[in-house]
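**Student:** Below: one structure in structure tokens.
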Amino acid sequence: GRTGSWLKLFSSGCTGEGSDAPPHIVGAMAEVAAAAAAATAGVGMGLFSYNRGNYEFDQKMHYTRFQAGLNMAIAQTGIYKQDIAQLTALTVTRQDCFHGIAAMGLTILTAIYCPGKLGFHVPPPPGWLMGLEFVNIAGCYLFLGLTLWYCMHAAMRADTAATHMLTRFVRLPIPSQGMLDKARKFLSSYEEQQLSEVLRVPFTRHQAPGRNRAGDFNEAMDIDDDAKGRSRHGYDVPAWYRKEKAVDNVSTIDSIESMMPLAARGSAPEHFEAYREIQMEWMPYDVYARVCIFLAFMHLTHCWAYHQIGHLIQEVRAPFACSIVMLPMFVLQQVILTLDIAPGGMPIQRLGPCSLWFAYFAAICESVRWYNPQVQAVGFVLVYCAYAIHIVYTVQLLRLCAPSEEAPAIAESPGASWWPGEWRLPSAFQHAICLLAPPKELAPGVTDIAGELRAEQSGGPQVAGNQSTESTASEKRADVHRALGKQGESPAWFGVKVGLISLVIAWIWLTFGFTIEIMNQGTSHPSLLNAPGMPNNARDPRYRPAKPGKSEPTEVGTGGVAAGPAKGVHLGAMHRRLSDAEFVAAPTTPMRRDIANKLRELIPHLQEMARLGAPESAILSLPPAPAAAEVQWPAMFQPQLLTCGAHAQAAVALSRHGRGALLATPTMNLESFVLHGVAGHGTIVAASWDTEGLLLVTTTGDVFECAGAVPTAGKWACKLSTGPKLPIATAGKPFTGLVAVSRAPGEVQAAVIFPGDDSVTIFARSSSTWLPRGEVRTPASTAAAAHFSTSGSSLLVSAADGSVTELQMSNGQTSELASANTGHAGHAWAGACRLASGDLARLAVPVESSSQAKFILG
């Protein structure tokens, strides 16, 4: 009751109505009320000023933070632009390097193909060696051409993509006027705050947890619990902070729409993600440009080595110098394989350089001085080995250059190449392609401010570095390669694959062609394109008009104005002071030997003249010219051929149509006979007499064997040989040149001088086929007859002036057996042979029918 009275008294005193309290009590109560009101107003003003000061400070800090964040984002975006430029510059610079190397390789290759071509002045190397060289030349051209195109495409596409990204996507996040207006706050906006925020008592929460209450602010601070307890977080943040966070997360920075497939997206800044996806468009061309450089230079070193085999062995005949070339080329190729191809599995590619040695030894077997069937067979085997190595080697290169199904184990380390595991690349070249792709994750301690702003304003809590990818590696690889084609392979790899497959086909085709050539060996058509023994780069001169300088005897393969193939052809281009000069060929070794012998024979006569003091008019007496023996030839018999036998001191003279005479020396007894069985096969052009009988050759190429050492009862029975015809008849016309024939154990050899030629072609028939054994120049300017010695080891060539030259078949040396004889006018020299005594017997036939043939000894 007392409390109620005091309240009643207080209320009445405050209002002044109906109060019956004493005046001094009423005044005291009024003062107390005024003081309470003043205190309340003071507290309210203090709270208002305190909270308004906090608001003002927060707004300044908010604008400062806004500026700092944008400045950092602008600076970081500038770094991102440098990232794009540097990644692109790496590709473009690399392609420029590849482009220059390819251009240099094309220059070297063209020099090998055009100015350095083999077979210009000498017979070219065999077809199998030219095949080895030119398939490698073609392969080198193929891969150098691919390198140029791949480099051009990769560089231009990378440059275009970088420019596109820098001008459209990776732009500096410059704030707009609206963004600046949103960041700016008027101090009067403090009036918009809730009363609870305006008069909030310090050290109390801004809001309590409950329904429709905002919370979870500043909860992600990475600080310790004690410091976190002293900070404002969760529900204990001002309302204006909550409102600013909601406003700042919308349209703060323009975003780039992601181009990455979801399965291949990483957690790096988005410009890296976009660039890595665009890089897929030129990355295969970049990689396979480097692979093409490797393939091109492997083929270049191969073709250059084969070119040197053809030059140093086939042309220069320098096998030791050629081996010195093969060794560095072999080592170089092995070094390139070591540098470019990562070790792993069986190194079958190491077999490729070994083909150089097989070709080297095969070329030596091809160029041995004397024909040997066993050596030739070894050479064929070596050629097959070289072709087989190239086939296996090219197939291995096809396997190594193919994109790997499994990603190589490459770790991202400072200074190392790196690319995503989803990219299908040839892992064999992983340490040679020097490829660098943007990272898929941020390094520890690195922050992507622009990415965070982009993630927050897009409504998602994810930021760079926190994304998770649940797709497997195979799914990512399938997603990345979704646009590469129906077979999931890039056009760059398709070009390299087709090129290598075409080379495999080329090597198989060459092996097949070489087999055809071996099968044609020893047949009447050993070459598909030209006559045997003729250069492949010129038509057979027997069937075309002669070139200028045809009367000048030169040896194929010799050089110089005096003895080269161009002797007399280009004299018109000489300097005028040399136009009247006559170039005389230097004397050959046989000529020097003959001159020395004649001088040696002359020395005794000169000494005798000096001792006796012969008068100046004294003339040396020369030996008289051989005289013709007294021979009474049978009636109507005109001998045209002469052959001698080693088993008897006699000679056999034959007519062209099958009559003969056996002439014994020195008695000159003569026995005539008839060749039975020769008629109907053309006239006789060659004859040889040995212990087995006569061996004859007719103008149709038929070979006859007449058994028996001497004729019987005036007849000498002959039968046609079972072997093939000697290939001398052309287009069905009888042969009009010169032929010599000889029989040796197991084979028959023939020397043929074709009409208009000054060379002798040697043929041999070992089993059932005539094969060309070689070709030599005739020692006489105009040959009139040819005859083998009785043993077949030398060839006697009679000239039109009566001289006789002996050509040794073993070493090619020549010597003069008889000098020119002009003492038998009206006669032409028809043949010469050696008698059993070693004396020389010659036959001179009359030019006119009124005279008789002469048989001359010596």
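The values are calculated or read from the model by the stated rules, or taken from the named source; none is laboratory data. All of these numbers come straight from a predicted model, not from anything done at the bench. Quick reminder, even Gly has a Cβ in these numbers, built from the backbone with ideal geometry, and neighbours come from all protein chains shown. We work out accessible area using only protein heavy atoms, side chains counted, and drop any ligands, DNA or RNA first. Shrake-Rupley method; radii C 1.70, N 1.55, O 1.52, S 1.80 Å.
**Student:** Taking region 839-858 only, how many residues are surrounded by 17 or more Cβ atoms within 10 Å (Cβ to Cβ) and either free of Cβ contacts under 8 Å to residues at least 40 places away in the same chain or touching a Leu at 6+ places or on another chain (Cβ under 8 Å) (or both)?
**Tutor:** Final tally of qualifying residues: 9.
**Student:** Failed condition for residue 334, given (1) open to solvent by less than 20 Å² (accessible area, probe 1.4 Å); (2) among the polar types (S, T, N, Q); (3) closer than 26 Å to residue 425 by Cα, with all others met?
**Tutor:** Evaluating residue 334 over (1) open to solvent by less than 20 Å² (accessible area, probe 1.4 Å); (2) among the polar types (S, T, N, Q); (3) closer than 26 Å to residue 425 by Cα leaves (1) as the failure.
**Student:** So, of the residues in region 365-376 that are in a helix (DSSP H, G or I) and open to solvent by 50 Å² or more (accessible area, probe 1.4 Å), which turns out to be nearest to residue 310 (Cα to Cα)?
**Tutor:** Among those that are in a helix (DSSP H, G or I) and open to solvent by 50 Å² or more (accessible area, probe 1.4 Å), it is 366.
**Student:** Between a residue in region 814-833 that is over 14 Å from residue 784 (Cα atoms) and among the hydroxyl-bearing types (Ser, Thr, Tyr) and any residue that is open to solvent by less than 30 Å² (accessible area, probe 1.4 Å) and in a loop (DSSP other than H, G, I, E, B), which pairs come within a Cβ distance under 9 Å, given they are 6 or more apart or on different chains?
**Tutor:** 819/802; 819/803; 822/802
**Student:** Taking the condition of being of a type outside the set (Val, Ile, Thr), under 23 Å from residue 848 (Cα atoms) and open to solvent by less than 30 Å² (accessible area, probe 1.4 Å), how many residues in region 635-662 meet it?
**Tutor:** 10
**Student:** Let me ask you something else. For the condition out of contact with any strand residue (DSSP E or B) (no Cβ under 8 Å at 6 or more places or on another chain) and closer than 26 Å to residue 853 by Cβ, what is the one hit in 700, 722?
**Tutor:** Only one candidate qualifies: 700.
**Student:** Could you please let me know if residue 652 is closer than 27 Å to residue 783 by Cα, assigned to a strand (DSSP E or B), under 56 Å from the mean Cα position of the chain (by Cα) and among the β-branched types (Val, Ile, Thr)?
**Tutor:** For residue 652, the condition - closer than 27 Å to residue 783 by Cα, assigned to a strand (DSSP E or B), under 56 Å from the mean Cα position of the chain (by Cα) and among the β-branched types (Val, Ile, Thr) - is not met.
**Student:** Would you call residue 702 acidic (Asp, Glu) and at pLDDT 85 or above?
**Tutor:** So residue 702 passes the test.
**Student:** If you scan region 366-380, which residues turn out to be closer than 13 Å to residue 128 by Cα and either without any contact (Cβ under 8 Å) to a residue 60 or more places away in the chain or not acidic (Asp, Glu) (or both)?
**Tutor:** The answer is 379, 380.
**Student:** Right, another one. Give region 702-752 a look and list any residue that's of a type in the set (D, E, K, R), assigned to a strand (DSSP E or B) and either under 16 Å from residue 681 (Cβ atoms) or open to solvent by less than 20 Å² (accessible area, probe 1.4 Å) (or both), or say none.
**Tutor:** 705, 719, 733
**Student:** Since residue 99 meets every condition but one in (1) of a type outside the set (A, V, I, L, M); (2) open to solvent by 40 Å² or more (accessible area, probe 1.4 Å); (3) within 30 Å of residue 200 (Cα to Cα), which condition does it not meet?
**Tutor:** The failed condition is (3).
**Student:** Considering each residue of region 377-397, count those that are farther than 24 Å from residue 320 by Cβ, open to solvent by 20 Å² or more (accessible area, probe 1.4 Å) and aliphatic (A, V, I, L, M), and give that number.
**Tutor:** Qualifying residue count, region 377-397: 5.
**Student:** Any chance region 793-808 includes a residue that's open to solvent by less than 10 Å² (accessible area, probe 1.4 Å), under 30 Å from residue 636 (Cα atoms) and not in a strand (DSSP E or B)?
**Tutor:** Yes, the conditions are met somewhere in region 793-808.
**Student:** Go over the candidates 825, 820, 832, 784 one by one and state the one that is at pLDDT 85 or above and either of a type outside the set (Ser, Thr, Tyr) or surrounded by 20 or more Cβ atoms within 10 Å (Cβ to Cβ) (or both).
**Tutor:** Just one listed residue meets the conditions, 832.
**Student:** Moving to a separate point now. Does residue 39 satisfy the condition of being farther than 30 Å from residue 158 by Cα and of a type in the set (A, V, I, L, M)?
**Tutor:** yes
**Student:** A further question follows. With (1) surrounded by fewer than 18 Cβ atoms within 10 Å (Cβ to Cβ); (2) of a type outside the set (Gly, Ala, Ser); (3) over 30 Å from residue 503 (Cα atoms) as the list, and residue 104 as the residue in question, which single condition is left unmet?
**Tutor:** Checking residue 104 against (1) surrounded by fewer than 18 Cβ atoms within 10 Å (Cβ to Cβ); (2) of a type outside the set (Gly, Ala, Ser); (3) over 30 Å from residue 503 (Cα atoms), the one that fails is (3).
**Student:** Please count how many residues of region 434-454 are under 30 Å from residue 288 (Cα atoms), buried (at least 20 other Cβ atoms within 10 Å of the Cβ) and of a type in the set (Gly, Ala, Ser).
**Tutor:** 0
**Student:** Only one of these conditions is not met by residue 679: (1) among the hydrophobic types (A, V, I, L, M, F, W, C); (2) out of contact with any Ser or Thr (no Cβ under 8 Å at 6 or more places or on another chain); (3) surrounded by 15 or more Cβ atoms within 10 Å (Cβ to Cβ); (4) not in a strand (DSSP E or B). Which number is it?
**Tutor:** (3)
**Student:** If a residue must be touching a Gly at 6+ places or on another chain (Cβ under 9 Å) and within 15 Å of residue 836 (Cα to Cα), how many such residues does region 647-684 contain?
**Tutor:** 2
**Student:** Exactly one condition in (1) modelled with pLDDT under 85; (2) outside any loop (DSSP other than H, G, I, E, B) is false for residue 697; which is it?
**Tutor:** (1)
**Student:** Sticking with this structure for a sec: Residue 772 versus (1) part of a loop (DSSP other than H, G, I, E, B); (2) surrounded by fewer than 21 Cβ atoms within 10 Å (Cβ to Cβ): which is the lone unmet condition?
**Tutor:** Result: residue 772 fails condition (1) only.
**Student:** Here's a follow-up. Taking region 631-682, which residues are over 22 Å from residue 703 (Cβ atoms) and not aliphatic (A, V, I, L, M)?
**Tutor:** 632, 633, 634, 637, 638, 649, 665, 666, 667, 669, 671, 672
**Student:** For residue 673, which of the numbered conditions (1) modelled with pLDDT under 90; (2) in contact with a Pro (Cβ under 7 Å, 6 or more places away or on another chain) fails to hold?
**Tutor:** (1)
**Student:** How many residues does region 57-70 contain that are in contact (Cβ under 8 Å) with a residue 60 or more places away in the chain and either open to solvent by less than 70 Å² (accessible area, probe 1.4 Å) or not in a helix (DSSP H, G or I) (or both)?
**Tutor:** Here the count works out to 6.
**Student:** Would you confirm whether or not region 314-322 contains a residue that is out of contact with any helix residue (DSSP H, G or I) (no Cβ under 9 Å at 6 or more places or on another chain) and surrounded by 15 or more Cβ atoms within 10 Å (Cβ to Cβ)?
**Tutor:** The answer is yes, given that some residue of region 314-322 is out of contact with any helix residue (DSSP H, G or I) (no Cβ under 9 Å at 6 or more places or on another chain) and surrounded by 15 or more Cβ atoms within 10 Å (Cβ to Cβ).
**Student:** Tell me the residue from 274, 289, 342 that is surrounded by 23 or more Cβ atoms within 10 Å (Cβ to Cβ) and in contact (Cβ under 8 Å) with a residue 12 or more places away in the chain, please.
**Tutor:** The unique qualifying residue is 289.
**Student:** Working only within region 162-200, note down all residues that are open to solvent by 50 Å² or more (accessible area, probe 1.4 Å), in a helix (DSSP H, G or I) and within 30 Å of residue 438 (Cβ to Cβ).
**Tutor:** Result: 163, 164, 167, 168.
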